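Below is one structure; the comments refer to it alone.
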Amino acid sequence: MNRRRFVNAIIVGFVLSSLLLTIESSVADEPKSGALIQSLPKDGSWAEFNVNVKLNGQEIGPSWKLRSFGQAFHGGKQCRFIEMEQTCDHPQLANVTWRLLVPEEEFGEGKDPISKMVKCWAKYGSNEPEVVESIPLKDPAFAMLLAGPKQNLKNEEAKEKINWQQGDLECSVVSGHNELEFGNTKFGMTHRVFRHKDVPFGLAGIQQELNASFGGQKQMAVIKMTLKDHGKDAKAKLPDLLP
């Protein structure tokens, strides 16, 4: 091989290597999951969020809380109890507390631990808690919210600030959409999920647009949620529900 061909071969090799690295990096940067809850915080952690819901021309301001507390050995796996609580004084949104038992090994970046729960209870208003087979069967719209984006999933290039009572959080953003057909009901949801490693569960906020069709009738809701506060020493609201 003459010198010119040798140099050209090296250059081509470098170019191909660079292209392969670029392709591998872009693939590696694609998020594996858009689920709202991914990371497992320390036992006793809690986070509270301000929520604004625009539904049928009305604005509703529920509160949403996440709690992580208590462990149990179930099905041969170490599990953690998680509670999700929604409180609201508007009749169109229920006051509900979900209590879940989730294997700790299912938590982590790029995972969807809530979908791997081994036990689930739901308490609506003043009703007694009930065992729930799955969140999608009980409340498909809420299940879509928790699952986050599933189609066209991507990490946005620019970070975005989320303001809470102790300042600003520079958050990474995962976006995409999700679709679900449940009987004669169709849901479509676009998502932007704001993540930060220093916040319990890794969740700093969300922006979501929900379009629903119920037997030909259409509704749209816009949901915005931002971190209000977080801390330690979480107290269970439904501590007596055990597997």
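Once the stretch 173-192 is narrowed to residues that are in contact with a helix residue (DSSP H, G or I) (Cβ under 8 Å, 6 or more places away or on another chain) and not aliphatic (A, V, I, L, M), the residue that is nearest to GLU157 (Cα to Cα) is ASN178. Set side by side, the residues ALA234, ALA212, ALA204 differ, and just one is in a loop (DSSP other than H, G, I, E, B), in contact with a strand residue (DSSP E or B) (Cβ under 8 Å, 6 or more places away or on another chain) and touching a residue at least 12 places away in the same chain (Cβ under 8 Å), which is ALA234. Considering GLY183, GLY188, which residue is on the phi > 0 side of the Ramachandran plot and either in contact (Cβ under 8 Å) with a residue 24 or more places away in the chain or among the small types (Gly, Ala, Ser) (or both)? Of the residues listed, the single one that is on the phi > 0 side of the Ramachandran plot and either in contact (Cβ under 8 Å) with a residue 24 or more places away in the chain or among the small types (Gly, Ala, Ser) (or both) is GLY183. In the stretch 21-71, the residue that is modelled with the lowest pLDDT out of those that are closer than 15 Å to PRO113 by Cβ and small (Gly, Ala, Ser) is SER33. Looking at this structure, is HIS177 modelled with pLDDT of 85 or more, under 21 Å from LEU40 (Cβ atoms) and surrounded by 14 or more Cβ atoms within 10 Å (Cβ to Cβ)? Criteria not met by HIS177.
Output the number of residues of the stretch 215-231 satisfying the condition of being basic (Lys, Arg) and either in a loop (DSSP other than H, G, I, E, B) or free of Cβ contacts under 8 Å to residues at least 24 places away in the same chain (or both). The number of residues fulfilling the criteria is 1. Can you tell me which residue in the stretch 115-134 is surrounded by the fewest Cβ atoms within 10 Å (Cβ to Cβ), limited to those that are closer than 18 Å to HIS74 by Cβ and aliphatic (A, V, I, L, M)? Only one residue fits best here, namely VAL131.
Please go through the stretch 64-106 and pick out each residue that is part of a loop (DSSP other than H, G, I, E, B), out of contact with any Ser or Thr (no Cβ under 8 Å at 6 or more places or on another chain) and not aliphatic (A, V, I, L, M). Matches in the stretch 64-106: GLY75, GLY76, ASP89, HIS90, PRO91, GLN92. For the stretch 149-170, the criterion of being under 19 Å from the mean Cα position of the chain (by Cα), surrounded by 17 or more Cβ atoms within 10 Å (Cβ to Cβ) and outside any strand (DSSP E or B) is met by at least one residue.
The values are calculated or read from the model by the stated rules, or taken from the named source; none is laboratory data. On a predicted model such as this, the values are computed, not experimentally measured, just so you know. When we count neighbours, we look across all protein chains shown, and the Cβ atoms used for this are built from the backbone with ideal geometry, even at glycine.
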